[in-house]
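Data first, discussion second: the structure below is written as structure tokens.
The values are calculated or read from the model by the stated rules, or taken from the named source; none is laboratory data. Quantities reported herein were computed from a predicted structural model and do not represent experimental measurements. Positions of Cβ are backbone-derived with ideal geometry, glycine not excepted, and every protein chain shown enters the neighbour counts. Areas reflect the complete protein model, heavy atoms only, side chains present, ligands, DNA and RNA absent. Shrake-Rupley method; radii C 1.70, N 1.55, O 1.52, S 1.80 Å.
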Amino acid sequence: MDYLKRILKYLDEYKFLVVLSLIFSLISIFCNMTVPKVSKHIIDDVLIAKHFDELSNLAVLVAGLVLIRAFCNYFQGYIFEYTSQKVIYLLRDQIYTKLQYQSFEYFDKASTGAIMNRMVGDLEAIRVFLNQSFVQVITITITIVSALSIMFSMNVLLSVLTISTAPLIYLNVRSLAKKLHPTFKSIRIAFEKLTSKVQENITGIRVVKAFGNEDFEKKSFEKVAYEFTEKNIEAADIRSYHNPLANFLNGLNSVIILVVGGYLAIKGKLSIGTLFAFVSYVNIFSTPIGNIQNLVNQWQNAFASLEKIFEVLDSDIAIKSPKNGIRLKDVKGDIKFIDVYFKYNQHYVLKGINLHIKPGEVVAILGSTGSGKSSLINLLARFYDCTKGSILIDDINVKDIRLCSLRKNIGIIMQETFIFSDTIAANIAFGKPDATLDEIKWAAKLAQADEFIERLPQGYDTVVGERGVGLSGGQKQRIAIARALIYNPKILILDDATSSLDFETEAEIQKTLQDVIKGRTTIIITHRISQLVVNADRIIYMSDGRIVEEGTHEELMKLKGRYYAAFKKQLLERLNSLPA
Ligand SMILES: Nc1ncnc2c1ncn2[C@@H]1O[C@H](COP(=O)(O)OP(=O)(O)OP(=O)(O)O)[C@@H](O)[C@H]1O
């Protein structure tokens, strides 16, 4: 009920339209109720009494009522479609905004399929609810109540007989609702699995093909698709049992009325016109009762969706920009990690990190896989917050800096370069959509991307395919470098930025990076000991969430510890990979 109240609050802005639409509904119901009355008059007082002169006026009256009803239904339908679309637009916008500001932690847990389902399927169920089901509850109630009161005023016996099947109808609807609720929930879960599967498969189609895994993927897709089909069949099975039962009960009503009403008419206790009108009211009464089944489906569906939608809207945002946070100005690039501890779930992945990186210093961080290197920079950019300790930039705690200001002052180049299906210029200016072409070209030149971009048919306006299809690995990486430089950040992070490239391309990009990092505080996270690492002012070696070695290349080589062992191992691997 809480969810119902909340969703109806969204209609507040459209109160006038909702009221107008209800007025149209009331007029439509009034017309519907009047037609049988006029028909009774036509049968009893015109046709049977042979007062044919009134017939044409009454026929015009019936036609007029039917026409007004049609207009009212049209306006009422349009208004509700309009308001429901507006509410859904607002909700969709709110969900999208919420997702934009959600932290990494949220996306670690939520599946893409589930998120897509919130944005599409769940909102559609709510739209149907607002558009049809919500107003139907009101119109159905008014129709049933007014039809019943007219019927009682016409004939008490026939009315009692008509509603005698009502308890059975109620039990049928209740049992349907009870059975459908868990089935709808499982349909939703199955649908999320299905959309996740399709999304993952299409995103990873190159990996699937590279491993010749099409058959395996096909089978695993069939499994989730089958589960979704089965759940839908289950729901259809429930409905197909209850719907005919509801129709049978409604039909039974009409038969009883015709038999008993016919008998009363033969006995002269009921006029033919009254019997005709009564049967019409039975139809008016039973049609919405039949619709209750659909309504129950739609409400169940909508409630399951409302729960999910408000779950997203109510979810906490773990990392928030501080109120009245500091805007960084003239950043020097001094970074301090003070006794930093961090855990994702139960286990600490960073255990007491103390590190001071001076402005303009280049620090390379190496270490075994899973030692916590990426976590360290995730904390610096506040993708996550440290569990204990603090991180300072120019002696300001990162938690006191406006998120937007913090992140715009840290340029991050990652291993996985995401290129949006847009122009090259838009991809470079991603973090600064108002960047001028000169700024974009400046960043591209620094990243040594300008030359290849100018050679493309449309230069900076060339549209690249989804995820950068049409560009080589090196070209994509250069665009990523240019993108990170667009704000000319004082702090630069290279997170395994060249590890997915071949040695030759890596060497070229490294040369570019040597120029790019000049005058910037740079943290290089890497597995490979490259020229960039050897030239770094300081090298940090991490193991199991701790800094275990620290010094220049020469110092660490003399130490003959973990870094020395890694260097020797990589040198051997490289020598072995050379042609004989
Ligand atoms: N989002 C996450 N949720 C839970 N655990 C995570 C998450 N990201 C990383 N971890 C775990 O935290 C530990 C440190 O991971 P991190 O990515 O910082 O290591 P890394 O040194 O950068 O590794 P690699 O060199 O392989 O990239 C690992 O054990 C990893 O499994």
Positions within segment 364-381 being crowded, with 22+ Cβ neighbours inside 10 Å and on the phi > 0 side of the Ramachandran plot, in sequence order:
Gly367, Gly372
Residue pairs qualifying under the 9 Å Cβ cut-off, at least six apart or on distinct chains, with the first in segment 95-116 being within 24 Å of Pro322 (Cα to Cα) and free of Cβ contacts under 8 Å to residues at least 60 places away in the same chain and the second being away from the ligand (no atom under 16 Å from the Cβ) and not aromatic (Phe, Trp, Tyr), are Tyr96/Met119; Phe107/Leu99; Phe107/Ile115
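Those residues that are under 18 Å from Leu392 (Cα atoms) and near the ligand (Cβ under 6 Å from one of its atoms), I need them from segment 359-377; list them, please. Even if it seems obvious, please write down each step before you answer.
To start, the set of residues in segment 359-377 that are under 18 Å from Leu392 (Cα atoms) comprises 359-363, 373-377.
Matches in segment 359-377: Lys373, Ser374, Ser375.
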Determine whether Tyr14 is under 24 Å from Phe129 (Cα atoms), open to solvent by 80 Å² or more (accessible area, probe 1.4 Å), in a helix (DSSP H, G or I) and not assigned by TED's automatic domain parsing to the domain that holds Met154.
no
Across segment 163-176, what is the total count of residues that are more than 26 Å from Asp237 (Cβ to Cβ) and in contact with a Leu (Cβ under 8 Å, 6 or more places away or on another chain)?
1
Identify the residue in segment 321-339 that is within 37 Å of the chain's Cα centre (by Cα) and of a type in the set (D, E, K, R) and, among all such residues, is nearest to Lys518 (Cα to Cα).
Lys329
Which of the residues spanning segment 332-342 are more than 13 Å from the ligand (Cβ to nearest atom) and open to solvent by less than 10 Å² (accessible area, probe 1.4 Å)?
Gly333, Ile335, Phe337
Taking segment 390-430, which residues are within 16 Å of the ligand (Cβ to nearest atom) and either more than 24 Å from the chain's Cα centre (by Cα) or buried (at least 22 other Cβ atoms within 10 Å of the Cβ) (or both)?
Ile391, Ile412, Ile413, Met414, Gln415
Can you name every one of the helices (runs of 4 or more DSSP H) wholly within segment 67-172 that holds 2 or more residues which are away from the ligand (no atom under 16 Å from the Cβ) and under 30 Å from Ala277 (Cα atoms)?
134-154, 156-163
Scope segment 38-93; condition within 38 Å of the chain's Cα centre (by Cα), of a type in the set (Phe, Trp, Tyr) and open to solvent by 60 Å² or more (accessible area, probe 1.4 Å); matching residues
Phe71, Tyr74, Phe75, Tyr78, Tyr82, Tyr89
Of all residues in segment 280-320, how many are open to solvent by 60 Å² or more (accessible area, probe 1.4 Å) and outside any helix (DSSP H, G or I)?
2
Of the residues in segment 431-444, those that are closer than 15 Å to Ala484 by Cβ and either open to solvent by less than 30 Å² (accessible area, probe 1.4 Å) or modelled with pLDDT under 85 (or both) come to Gly431, Lys432, Ala435, Ile440, Ala443, Ala444
Being part of a loop (DSSP other than H, G, I, E, B) and within 15 Å of the ligand (Cβ to nearest atom) narrows it down to one of Asn324, Asn345, so name that one.
Asn345
At least 1 residues that are open to solvent by less than 10 Å² (accessible area, probe 1.4 Å), within 16 Å of the ligand (Cβ to nearest atom) and in the same structural domain as Ile412 (by TED's automatic domain parsing) in each: list the strands (runs of 3 or more DSSP E) lying fully within segment 449-567 that qualify.
491-495, 521-525, 538-543
